[in-house]
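Have a look at the structure below, then the notes.
The values are calculated or read from the model by the stated rules, or taken from the named source; none is laboratory data. Every value quoted in this text rests on a predicted model; they were computed, and no experiment measured them. Virtual Cβ from ideal backbone geometry, glycine too; neighbours counted across all protein chains shown.
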Amino acid sequence: MQICTNCVMDTTDPDIRFDSKGVCNHCLNFEKNVRPRWHPGDQVGQKALQAMVEQIKQTQKDKEYDAIIGISGGVDSSYLAYWATRVAGLRLLAVHVDAGWNSELAVQNIEKIVRNLGIELYTHVVDWEAVRDVQLAFFRAGVANQDTPQDHAFFAALYQFAVDNDIKYVLHGSNLATESVLPFAWGHDPMDTDQIADICRRFGAPAFHKFPMVSFYRYYVYYPFVRRMKVMRPLDFMDYSKETAIELLEREFGWKYYGGKHYESRFTKFFQGYWLPNKFSFDKRKAHYSSMILSGQITRAEALQVLATPSYDEASLKQDAEFIAKKLEIPVDEFMGLMRQPNRHFTDYKNNAAKRKWYFRTTGMLFKILDKVRRFRAAFKF
């Protein structure tokens with residue numbers, strides 16, 4: 001086991017590389033490619049944030065809403081909702097996708113946020129039979145990313161609501177301050193309909209036809225190019241601190257923290273806190289804390305101290321495992337027995353990796369050509 005001398009990423013990431021000083025490729029990439037283009041709260045960032053807000057308001061001025069936001073009750077989406085309404089003055093439509101795994105705390109947080117901010121909320125309840133069947137198929141498939149069904153359903157509903165309400169802007173809570181490090185080997189694209197369909201076919205998911213799906217074309221072509229929808233990440237342009245955000249949410253709204261990143265979902269808590277580290281040796285806390293080290297929110301020593309503690313206590317594990325098994329309608333022994341099955345990689349099933357590679361290569365070349373044309377026209381005043 002080798003651990004980075006700068007962050008807390010280690011060789012549980014099979015693709016990790018170290019330089020002569022023991023600094024990992026995640027840190028080196030951040031310093032070379034991310035930090036120079038990242039302007040959290042400085043003059044450049046503030047100007048970009050202001051331009052973003054003005055663009056949204058101008059484009060949507062004759063519409064009912066300025067932007068749509070997915071809200072889970074977590075820190076990032078809750079703080080983003082606060083900023084968008086109280087600071088930016090945007091008219092939001094909030095969408096919550098209920099896939100059956102919300103903790104009571106998450107539901108209470110959502111209610112407090114939308115009520116106090118005066119945001120209209122629509123809750124989309126995914127057919128539970130479909131969710132159960134797809135998630136059982138994924139567990140039996142033995143792949144790492146067990147959050148794929150929830151994530152896919154979330155984006156399927158969110159983007160469809162944006163289309164239905166003629167909203168071009170999606171506010172997203174993802175941010176470099178806490179998520180700049182995320183090993184590719186630890187997961188796979190949750191929007192991969194090829195993989196979802198193949199796993200459901202192989203392992204049986206009778207209610208799969210009722211599960212919300214987004215095709216490759218619709219997600220990668222129709223939404224961004226035909227509908228001209230834009231996903232905005234405002235948190236990257238402000239001095240976003242997770243600790244400060246939690247303090248504000250608690251003070252202003254009585255919001256309560258739930259103990260871990262994405263732990264507002266009881267399923268995700270089990271998946272990230274137990275399934276990944278115990279079956280695949282992937283502890284997502286390492287990526288999260290490494291991101292926060294690079295953004296200056298915690299020290300490496302503080303992160304190591306937290307990582308020395310178990311990600312799950314025995315009492316909570318027993319309770320959550322029994323709860324999840326009961327909801328999935330299988331015996332708890334059978335459910336926990338899935339941990340002992342062979343680990344599988346996403347490439348063991350049909351997947352969209354080749355299509356995504358072609359897509360990003362093609363669009364990257366296209367954007368470079370368009371940029372050259374723009375510069376040429378500007379230089380010669382066409």
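Considering segment 298-341, and only residues there that are in a loop (DSSP other than H, G, I, E, B) and closer than 30 Å to E129 by Cβ, the residue that is farthest from the chain's Cα centre (by Cα) turns out to be P331.
Of all residues in segment 139-154, those that are surrounded by 19 or more Cβ atoms within 10 Å (Cβ to Cβ), part of a helix (DSSP H, G or I) and touching a Phe, Trp or Tyr at 6+ places or on another chain (Cβ under 9 Å) total 7. Of the candidates V306, V332, the single residue that is touching an Asp or Glu at 6+ places or on another chain (Cβ under 8 Å) and either under 30 Å from D127 (Cα atoms) or not charged (D, E, K, R) (or both) is V332. Across segment 308-357, the number of residues qualifying as at pLDDT below 95, surrounded by 12 or more Cβ atoms within 10 Å (Cβ to Cβ) and hydroxyl-bearing (S, T, Y) comes to 3. Considering (1) surrounded by fewer than 23 Cβ atoms within 10 Å (Cβ to Cβ); (2) part of a helix (DSSP H, G or I), the lone condition that M292 does not fulfil carries the number (1).
When V107 is tested against the conditions (1) assigned to a strand (DSSP E or B); (2) surrounded by fewer than 19 Cβ atoms within 10 Å (Cβ to Cβ); (3) under 19 Å from the mean Cα position of the chain (by Cα); (4) of a type outside the set (K, R), the lone failure is (1).
Under 24 Å from the mean Cα position of the chain (by Cα), of a type in the set (D, E, K, R) and under 19 Å from G204 (Cα atoms): does that describe K355? The answer is no for K355. Considering only residues of segment 52-98 that are basic (K, R) and either crowded, with 20+ Cβ neighbours inside 10 Å or touching a residue at least 12 places away in the same chain (Cβ under 8 Å) (or both), which is nearest to V131 (Cα to Cα)? Taking the candidates together, the pick is R91. Note on segment 120-138: residues that are buried (at least 21 other Cβ atoms within 10 Å of the Cβ) and not in a helix (DSSP H, G or I) total 1.
Out of segment 342-382, which residues are of a type in the set (S, T, N, Q) and over 30 Å from E129 (Cβ atoms)? Residues satisfying the conditions are T362, T363.
Residues of segment 262-289 that are in contact with a Phe, Trp or Tyr (Cβ under 7 Å, 6 or more places away or on another chain), aromatic (F, W, Y) and surrounded by fewer than 23 Cβ atoms within 10 Å (Cβ to Cβ): Y274, F282. When residues in segment 5-30 are screened for being part of a helix (DSSP H, G or I) and free of Cβ contacts under 8 Å to residues at least 40 places away in the same chain, 3 of them pass.
Restrict the check to segment 244-265 and report whether at least one residue is among the small types (G, A, S) and within 22 Å of K326 (Cα to Cα). Yes; the residues of segment 244-265 include at least one that is among the small types (G, A, S) and within 22 Å of K326 (Cα to Cα). Being of a type outside the set (F, W, Y) and crowded, with 17+ Cβ neighbours inside 10 Å is a property that does not hold for I246. Within segment 370-382, the set of residues being surrounded by 10 or more Cβ atoms within 10 Å (Cβ to Cβ) and either of a type outside the set (F, W, Y) or touching a strand residue (DSSP E or B) at 6+ places or on another chain (Cβ under 8 Å) (or both) comprises L370, D371, K372, V373, R374, R375, R377. Among all positions in segment 128-144, there is at least one residue which is of a type in the set (D, E), out of contact with any Leu (no Cβ under 6 Å at 6 or more places or on another chain) and modelled with pLDDT of 95 or more.
Residue pairs whose Cβ atoms lie under 9 Å apart, sitting 6 or more positions apart in sequence or on different chains, and linking a residue in segment 107-129 that is within 18 Å of A156 (Cβ to Cβ) to a partner that is of a type in the set (S, T, N, Q) and assigned to a helix (DSSP H, G or I), are H124/Q160; V126/Q150.
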